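Structure first, then comments.
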Amino acid sequence: LQRDAKGQYLFDLLCHHLNLLEKDYFGIRFVDPDKQRHWLEFTKSVVKQMRAQPPFTMCFRVKFYPTDPAALKEEITRYLVFLQIKRDLYHGRLLCKTSDAALLAAYILQAEIGDYDPGKHPEGYSSKFQFFPKHSEKLERKIAEIHKSELSGQTPATSELNFLRKAQTLETYGVDPHPCKDVSGNAAFLAFTPFGFVVLQGNKRVHFIKWNEVTKMKFEGKTFYLYVSQKEEKKIVLTYFAPTPEACKHLWKCGIENQAFYKLEKSSQVRTVSSSNLFFKGSRFRYSGRVAKEVMESSAKIKREPPEIHRAGLVPSRSCPSITHGPRLSSVPRTRRRAVHISIMEGLESLRDSAHSTPVRSASHGDAFAGPGRSGRAESSERVAVIADESYSPADSVLPTPVAEHSLELMLLSRQANGAPCSIEEEKESEAGTPAADAEVGGELRALCPGAGGLGPAQAQQVNKFVLSVLRLLLVTVGLLFVLLLLLIVLTESDLDTAFFRDIRQTPEFEQFHYQYFCPLRRWFACKLRAVVNLLIDT
């Protein structure tokens with residue numbers, strides 16, 4: 001990339017590589033050295049947005065989930081959205097009942113391996129694939145039963161379409177969770193969906209606010225405010241606390257973009273939004289893309305031969321990341337998981353990324369979202385946990401739940417159960433190596449963190465922000481004093497006789513100030529000025 005190349009150039013290059021026209025639903029995600037996720041801004045230079053040293057690691061993701069994914073014009077777009085939602089299901093973001101989970105997994109199985117064949121698919125074949133953070137044997141049998149009896153004859157495209165239709169009906173469709181805490185200190189996950197603002201607590205949706213009810217979003221430091229106007233002129237302000245100021249700003253920017261995309265009729269209605277009411281403080285941000293209605297109208301005009309799609313095969317491979325140039329990853333077979341884990345570790349040794357919206361995973365999040373079967377996990381690092389179906393929920397992720405995005409989840413169960421946190425490398429094997437929309441920019445670009453020494457990037461940025469805030473405050477103070485001084489000189493020295501000035505001059509307070517303070521100060525200043533002038537003349 002050229003140093004001044006904008007994000008839009010990189011995104012267009014990628015979409016051209018994928019032969020993708022309905023590209024407004026997608027974005028490029030990257031993670032800074034502090035493990036904070038960001039969406040690449042298309043109007044800014046790519047290099048200037050990165051705080052690490054090149055080469056950079058970026059991931060192709062669904063940014064705005066379609067309101068109705070089945071209504072997408074092109075099959076290639078539906079396939080990419082299918083990969084993303086399959087990834088959401090794999091990481092416990094898509095909450096659903098066991099019956100729905102079995103149907104979704106069966107659709108994935110049908111799309112990837114085709115019709116059931118007794119010669120190719122022995123007993124227990126569905127157990128070789130990891131569709132959710134954890135499985136039960138009863139669920140695996142249910143998946144195989146649906147695949148054998150109900151889906152025979154469906155093409156991959158039909159199975160993917162049915163998968164999208166079912167996923168779209170779930171409450172957490174399109175959720176990209178941000179870990180926060182409410183005013184009571186309880187862990188919560190905030191998310192923005194095609195239909196509105198969502199708050200998740202304890203694997204349950206506790207708040208849902210439609211986009212037309214959201215009047216304003218702002219943040220101050222770690223505090224995020226959502227202003228809601230409901231029926232009967234009832235106004236509510238919801239307050240949440242993010243782990244870091246950077247996480248809070250990311251949450252705010254995601255909210256601004258999602259509201260503009262789903263709520264507005266035209267992109268010309270988009271306005272620059274400020275995070276503060278004060279003109280010299282806070283962040284300013286403007287959504288730069290098209291809105292959902294415009295995207296749908298543009299999609300309806302697409303007329304071309306459908307591009308070729310190479311779907312996932314059974315063999316996990318990272319050699320062909322492009323969907324138009326080779327096979328895709330399938331759901332990772334359990335028997336191959338260790339080998340894939342080692343391969344990814346070797347290939348992404350320097351990768352620094354995070355599966356979370358925030359850089360630090362709070363212990364309270366894990367406590368608040370711990371699943372019923374969590375205490376019964378395997379003690380050995382190579383052992384796989386089997387969860388009883390009664391207490392099983394595919395959405396009950398073994399990590400802090402909806403936000404957990406760890407690839408090769410069951411490999412890490414015992415480490416988490418024993419209190420050992422996952423390494424960043426293990427967290428980001430998911431971001432760069434799971435089966436969802438893995439058309440990473442230019443294949444796999446490895447991120448290198450800047451070397452340690454002196455202030456880190458985060459500390460330096462915080463210091464710079466503080467210095468800029470102080471300078472702004474001083475500048476505004478000096479400006480106000482200068483304006484007041486000019487007004488005072490006009491009042492006392494000028495011959496302007498307007499009604500406004502006349503009324504001020506006739507007040508007792510002004511007359512007292514003029515004769516007791518201003519006149520003596522003027523005489524003193526004139527005397528000193530004459531003394532300085534005489535001294536200069538004598539010299």
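Here, each number is a calculation from the coordinates, and none is a lab measurement. Predicted, not measured: the structure shown is a model, and the values here were computed from it. Every residue, glycine as well, gets a Cβ built from its backbone with ideal geometry; the counts of neighbours run over all protein chains shown.
So here's what we get for this one:
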| item | result |
| --- | --- |
| Fully extended contour minus Cα-Cα distance, from Thr498 to Ser268, at 0.36 nm per residue | 78.4 nm |
| Förster-model FRET efficiency, 22 Å R0, Glu233 and Glu297, C-beta, rounded to 0.05 | 0.05 |
| Anisotropy class of region 160-295 from Cα gyration tensor, a/c 1.5 cut | oblate |
| Förster radius 30 Å - calculated FRET efficiency between Asn534 and Gln512 (Cβ-Cβ, nearest 0.05) | 0.35 |
| Rounded, prolate or oblate (a/c below 1.5 giving rounded, otherwise prolate when a/b exceeds b/c) for region 471-539 by Cα gyration tensor | oblate |
| Mean Cβ count within 10 Å, highest first, over the residues of peptides 259-272, 46-59, 128-141 | 128-141, 46-59, 259-272 |
| Where labels lie 7 Å past Cα in the beta-carbon direction, separation of Ile489 and Lys120 in nm | 8.8 |
| FRET efficiency, 1/(1 + (r/R0)^6) with R0 22 Å, evaluated for Thr477 and Glu220 via beta carbons | 0.60 |
| Protection-proxy order for peptides 171-180, 113-122, 207-216, 302-311, each taking the mean of Cβ atoms within 10 Å per residue, highest first | 171-180, 207-216, 113-122, 302-311 |
| Under 5 Å, built H, 5+ apart or other chain: amide partners of Phe26 | Lys63, Phe64 |
| Highest-first arrangement of 96-107, 152-163, where packing means the average Cβ count within 10 Å | 96-107, 152-163 |
